[in-house]
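Participant: I am attaching a structure below and will ask some questions about it afterwards.
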Amino acid sequence: QECSKKQKNDDTQSTSVDALSSGDGFEEKNEFHTLANAKILLSDCLACDNCMTSEEGARVFQQNQKELFRILNLNKKCDTSKHKVLAVSICLQSLPYFAAKFNLSVNDAVKKLCGFLKSLGVHYVFDTTIAADFSILESQREFVQRYQRRNQEEHALPMFASACPGWIRYAERVLTNLVTSHICTAKSPQQIMGSLVKGYFARQQNLSPDKIFHVIVAPCYDKKLEALREDFYTALYNSQEVDCVLTSGEIVQIMEQKNVSMKDVTEVAVDSLFDEIKEGDVVRHDGKRSDGYLEHIFKHAAKELFGMDVKEITYKALKNKDFQEVTLEKDGETVLRFAAAYGFRNIQNMVLKLKKGKFVYHFVEVLACPGGCLNGKGQAQTEDGKPDKALLNQMEEVYAAIPVRLPETNMHVQKMYQDWLEGVDSKKVQETLHTKYSAVNQTASSLDIKW
């Protein structure tokens, strides 16, 4: 069968797959039963039906607003033994969407969103910045180690970023171990947040992980698929680190369904993982349209490997604005060459060069969505599935205005490395913050996928 992404235009394909019927797994009628079943466009994510099994498809489609309301309704019943603590973690790339859509500052937007979610019955609302701190710190440490081993290990370099589940699914299902061995082993911010909520926070609250229902609000549909990975499941507690992923657009659908106006919602400060502390203003990492892996790893590597302090990074656009490179020169020699490759066309070209042995980059920040995470198909879309370019421009302005905080300066992170993870180089760090990526043997019907 032909891979449906082969000739794909990043902005156009519109074949759709219907979600499960309304009766599946949601028999009880409630105030939310009239919500339309979700339709997921094949252009919404890489995981089309050629590299997603029917079982995975069913489980992905079960992650919708009805699942959130199933838990909320469960908590209204008298049988407290079945109650769940409902925690929602909001990805930073979703906040500019809410700010731009409702004409709010990003700090007001997150407080309004927190107030709305708590009005539904959610107990805790977190942001995922601390998880991205951990992911970046682990990624930059791994890059330095790979660079130092580059002459001993064939697959040490290049290193590819691991935060985008669309890219990861493509690498594992369509590419070979030649590529997957180059992927950074650090978990994505979403899944590290899962470890923090179901591990650290559960322990702080004296809760079993299966007593927490953890929802992620994210900009894209691929995050739903990522949450289902077997390596993010704890058999002892029969618990996924992330139970349900809702896109930013699906949260807005809930607001519309309940006729909620943002201006009438009470602002509530976002919760912290640490006791009764409330989070302050929203902060982000370096990087124009992503979590900033390229910039942080580049600056860290320049300092650690070559003793150079890089203050500002200059991007050089190559074939298009979604394929850019950054270089570091020392004594007239290029010692580091990084790239950002966004969108399937650039990913395809990158992989082709790698297979031909013509790859010149030490690190590549790979994202499946053209334009990066802000352009996730779960938020920056018009009703007909086209990119909402005006809204996206607003979102980029909002994101760029958020203050930058270096992950190294987060004292909570440093304290958790010592108190919870037993040290920076511990076995627990590897078990909690890292995973493995490898090529997956396809079923017989998928063996002949062409690219």
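Participant: In region 217-255, what residues are in a strand (DSSP E or B) and under 15 Å from the mean Cα position of the chain (by Cα)? Give the steps one after another, and end with the answer.
Facilitator: Filtering region 217-255 for residues in a strand (DSSP E or B) gives 217-218, 233-234, 239-240, 244-247.
Scanning region 217-255 gives VAL217, ALA218, CYS244, VAL245, LEU246, THR247.
Participant: Looking at region 110-129, which of its residues are touching a Leu at 6+ places or on another chain (Cβ under 7 Å), of a type in the set (A, V, I, L, M) and assigned to a helix (DSSP H, G or I)?
Facilitator: The first filter runs over region 110-129 and keeps only residues touching a Leu at 6+ places or on another chain (Cβ under 7 Å), leaving 110, 112, 120-123, 125-129.
Filter once more, so that each one left must be of a type in the set (A, V, I, L, M): 110, 120, 122, 125.
Across region 110-129, the qualifying residues are VAL110, LEU120.
Participant: Considering region 340-361 alone, what residues qualify as being surrounded by fewer than 20 Cβ atoms within 10 Å (Cβ to Cβ) and farther than 16 Å from TYR170 by Cα?
Facilitator: Listed by number, the residues that qualify are LYS353, LYS356, GLY357, LYS358, PHE359, VAL360.
Participant: Name every residue in region 362-404 that is at pLDDT below 90, assigned to a loop (DSSP other than H, G, I, E, B) and open to solvent by 40 Å² or more (accessible area, probe 1.4 Å), in order of residue number.
Facilitator: THR382, GLU383, ASP384, LYS386, ASP388
Participant: Considering only region 170-198, state which residues are buried (at least 24 other Cβ atoms within 10 Å of the Cβ) and at pLDDT below 90.
Facilitator: Across region 170-198, the qualifying residues are TYR170, ALA171.
Participant: Run GLN145 past the list (1) within 30 Å of THR435 (Cβ to Cβ); (2) assigned by the TED database to the domain that holds CYS220; (3) surrounded by fewer than 24 Cβ atoms within 10 Å (Cβ to Cβ) and report the number of the one that doesn't hold.
Facilitator: Unmet for GLN145, out of (1) within 30 Å of THR435 (Cβ to Cβ); (2) assigned by the TED database to the domain that holds CYS220; (3) surrounded by fewer than 24 Cβ atoms within 10 Å (Cβ to Cβ): (2).
Participant: Going residue by residue through region 209-216, is there one that turns out to be assigned to a loop (DSSP other than H, G, I, E, B), outside the structural domain of VAL144 (by the TED database) and surrounded by fewer than 23 Cβ atoms within 10 Å (Cβ to Cβ)?
Facilitator: Pass one, region 209-216, residues assigned to a loop (DSSP other than H, G, I, E, B): none.
For region 209-216, residues assigned to a loop (DSSP other than H, G, I, E, B), outside the structural domain of VAL144 (by the TED database) and surrounded by fewer than 23 Cβ atoms within 10 Å (Cβ to Cβ): absent.
The values are calculated or read from the model by the stated rules, or taken from the named source; none is laboratory data. Everything numeric in this text was worked out from a predicted model, so none of it was measured. Every residue, glycine among them, receives a Cβ derived from its backbone with ideal geometry; neighbour counts consider all protein chains shown. Quick note on the areas: whole protein, heavy atoms, side chains included, nothing else; ligands and nucleic acids left out. Shrake-Rupley method; radii C 1.70, N 1.55, O 1.52, S 1.80 Å.
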